[in-house]
Amino acid sequence: MSEIVLYGANWCGDCRRAKAWLREHEVPFTDIDVEQDDAARDKAVEFAGGRKNIPVIVLPDGRVLVEPTNTELAAAVEG
């Protein structure tokens with residue numbers, strides 16, 4: 001995996017906020033809509049350790065963030 005993958009949904013405010021932060025900071029990412037893809041939804045739940053919260057953000061090094069704040073997202077991307 002060469003870039004961040006964000007599992008989310010268009011109706012999700014935290015997803016929109018995370019995507020806006022990534023775009024504002026010019027961080028490339030792949031946006032996967034779990035509302036449109038059952039397999040992706042199952043994968044997001046798996047990445048999140050069984051939690052059904054979104055967004056689930058998978059970093060290139062394999063770390064997973066679930067519903068991160070902008071501060072947590074910044075620390076993960078920059079660190």
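The values are calculated or read from the model by the stated rules, or taken from the named source; none is laboratory data. Source: prediction; values computed, not measured. Heads up, the Cβs are rebuilt from the backbone with ideal geometry, glycines too, and the neighbour counts pull from every protein chain shown. Remember, those area values only see protein heavy atoms, side chains included, never the ligands or the DNA or RNA. Shrake-Rupley method; radii C 1.70, N 1.55, O 1.52, S 1.80 Å.
Some observations on this one:
- Inside region 37-65, residues that are in a loop (DSSP other than H, G, I, E, B), under 13 Å from C15 (Cβ atoms) and open to solvent by 30 Å² or more (accessible area, probe 1.4 Å) make up a count of 1.
- Considering each residue of region 36-59 in turn, at least one proves to be in contact with a Cys (Cβ under 6 Å, 6 or more places away or on another chain) and in contact (Cβ under 8 Å) with a residue 40 or more places away in the chain.
- Residues satisfying the stated conditions in region 13-34, i.e. farther than 15 Å from E72 by Cα and in a loop (DSSP other than H, G, I, E, B): E26, P28, V34
- Residue selection: V77 fails the criterion of being within 9 Å of the chain's Cα centre (by Cα) and either open to solvent by 70 Å² or more (accessible area, probe 1.4 Å) or within 14 Å of V5 (Cβ to Cβ) (or both).
- Neighbours by Cβ (under 9 Å, 6+ apart or cross-chain): first from region 63-79, over 16 Å from F47 (Cα atoms) and without any contact (Cβ under 8 Å) to a residue 12 or more places away in the chain; second open to solvent by less than 70 Å² (accessible area, probe 1.4 Å) and part of a loop (DSSP other than H, G, I, E, B): A75/P68
- From the options P68, P28, residue that is modelled with pLDDT of 95 or more and surrounded by fewer than 11 Cβ atoms within 10 Å (Cβ to Cβ): P28
- The residues in region 1-25 that are surrounded by 11 or more Cβ atoms within 10 Å (Cβ to Cβ) and either touching a His at 6+ places or on another chain (Cβ under 6 Å) or without any contact (Cβ under 8 Å) to a residue 12 or more places away in the chain (or both) can be counted, and the count is 3.
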